[in-house]
1. Filter the trypsin sites (Lys or Arg not before Pro) in the stretch 106-205 to those in DSSP coil with at most 10 other Cβ atoms within 10 Å of their Cβ, and list the result.
2. For the stretch 145-246, state what percent of all Cα-Cα pairs lands in each successive 10 Å bin, counting from 0 Å until the bin that includes the largest distance.
3. Ranked from highest to lowest mean number of other Cβ atoms within 10 Å per residue, what is the order of the peptides 220-232, 310-322?
4. Once label points are set 7 Å from the Cα along Cα→Cβ at both L201 and R149, what is their separation, rounded to one decimal in nm?
5. Looking at the stretch 230-292, which GluC sites (Glu not before Pro) are in a loop (DSSP not H, G, I, E or B) and have at most 11 other Cβ atoms within 10 Å?
6. Check each of the trypsin sites (Lys or Arg not before Pro) in the stretch 251-302 and keep only those in coil by DSSP with at most 14 other C-beta atoms within 10 angstrom; list them in order.
7. Grab the beta carbon distance between Q167 and N126, set R0 = 22 Å, and tell me the FRET efficiency rounded to 0.05.
Amino acid sequence: MKVQVFNKIIIALIFLTSTSVFSQILNDTILKDSVRTATIPKLKNTAVKTTPVLVLNDTITKDSIRKIVVSVLNDNYYRKPEPQKPKYTLARIVAIPEIIKIEAHYSHWKGKNILGFDISEIAFVNWSAGGTSSISGLLKADINRTYERKFTKWVNVLSVRYGMNKQDGIEVRKTDDAFRFDSTFGYRKDPTSNWYHSGKLNFNTQLTNGYKYPNKDNPISRLFAPAYMFLGTGAEYSKKNKDFVFYSSPLTYKATLVWDQELADKGSFGVEKAVYDEAGNVLIRGKRSKNEVGMLVTNHYKNEIYKNVIFVSNVSLYSDYINKFGNVDVDCDLALNLVVNQYVKANIGARILYDDDIKNKTEIAGEQVTEGPKTQIKQVLGVGLTYAF
C-alpha cells in the first residue's frame, strides 16, 4: 500500500515539472540564485572573481534531479510560444462576393419568318375604250426553322399562299390557294462535306374550295382533296449559303389523298373511281387515296443575277416504278424578285405543272367534260409589302 502511494507521488511530481508554469517559476528562481556571486578563497591581495553560472552548475551537479531539470530548462522544450496577434486586413473584414462566370447559351435552332402582301388594281372612269375595274390581293407567309450541328441538319419550311380577285359585276373569286410543308433531315460523316444522307417529307394541299368559274355549284377541289405527300430517303447536296440544294431519292413513297367522297367517286386526281349500276346507283365507292413508289429528284436554286434582282427556281420530278415508269410528273416554280427597298418588292412568277393522273376539266354547253392530262400554267405579277423577322 505504501509503495502504491509513493508511485502516485512520483507521477504527480513528474506531471507538475512537465507543465510550462512550473518550468517558468523554477527557471526564474534558478536565474535569481545564479546572479548571486560566489566567493572563491584566493591568495592575499587578489581580486575576488564572480562566476555565477559555474557556481550554479557545481551546486546542481551534486543533485541528479536538478541536473534533469536544468537540461529541460536549457532546451526550453516545454515552453509554449507566445500566440501571434492576428493581423486584420480589409480583405478579412469585408467579404468580397464570389464572381460566377455565366457562359452564353447557344441555340442550334435558327428561324426566319417572312410575311408579304401583294396588290394589283386597275380602275376605269368614263373610259371610252371600255374595260372592267378590278382589284386583286395575295397574302403570303414563309416560315423557316433550321436545326444544324456539326454532322446533322434539319430544315423545315412552311409556305402559305392565298389570293382573291374582285371585278365589277362579278363575285369575288379565288386566284391562288396553296399550303406546303417541307421537312428534310440530313446526316454527314465529314463536317466539311456538302453531301448528306437525307430523309425528306413533303406535303401539299389547299385551304378552300376550288371552282371552274363561272360554275360555283360543283367544286372541283376541296381541303385535302387533293393532298399530296412524298416520303423518301436519298442523298442531298447543299451549299452552306443554301443557294443551291440538290436532292435525289431512288426510293420515295407518294400518296395522293382525296378525302371528299363525291370527288373520289368521280375518280378525281387519279384515284380509283366508283362503280355504278345501269340505273346510276353506286355499287362500290371510289377510293380516297392512291399509293405509289418511285424516284424523286428536286432542286432549289437562288442567284442574284443583277443588283436587287433575284432569280429563284424550285423543280420537282417524280416517276412511278409500277405505273408507267418513265412518265414524269413535273412541278416547276419560277420567280423573279425585284427588291425596291427593305419593305417594298415586286415579283414576277410562273408555275408549271404536269401530272398524268390529273385530267383536265372543261365546260361545254353548261356541263363539265373531262379531258386528258394537260400542262398547267399559272403566271403571277405583283407589287407588295414584305416584312421579315
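What follows is calculated from the coordinates using simple rules that are stated; it is not laboratory data. Because the structure is a prediction, the values reported are computed rather than measured. FYI the Cβ positions are ideal-geometry reconstructions off the backbone, even for glycines, and counts take in every protein chain you see.
1. Passing sites in the stretch 106-205 are R149, K150, K189.
2. 13, 34, 21, 17, 11, 3, 0
3. 220-232, 310-322
4. 1.9
5. Working: sites: E236, E262, E272, E278, E292; in loops: E272, E278.
Loop-located and lightly packed - E278.
6. Qualifying residues, ordered by number: R285.
7. Working: r = 18 Å, r/R0 = 0.82.
Approximately 0.75, to the nearest 0.05.
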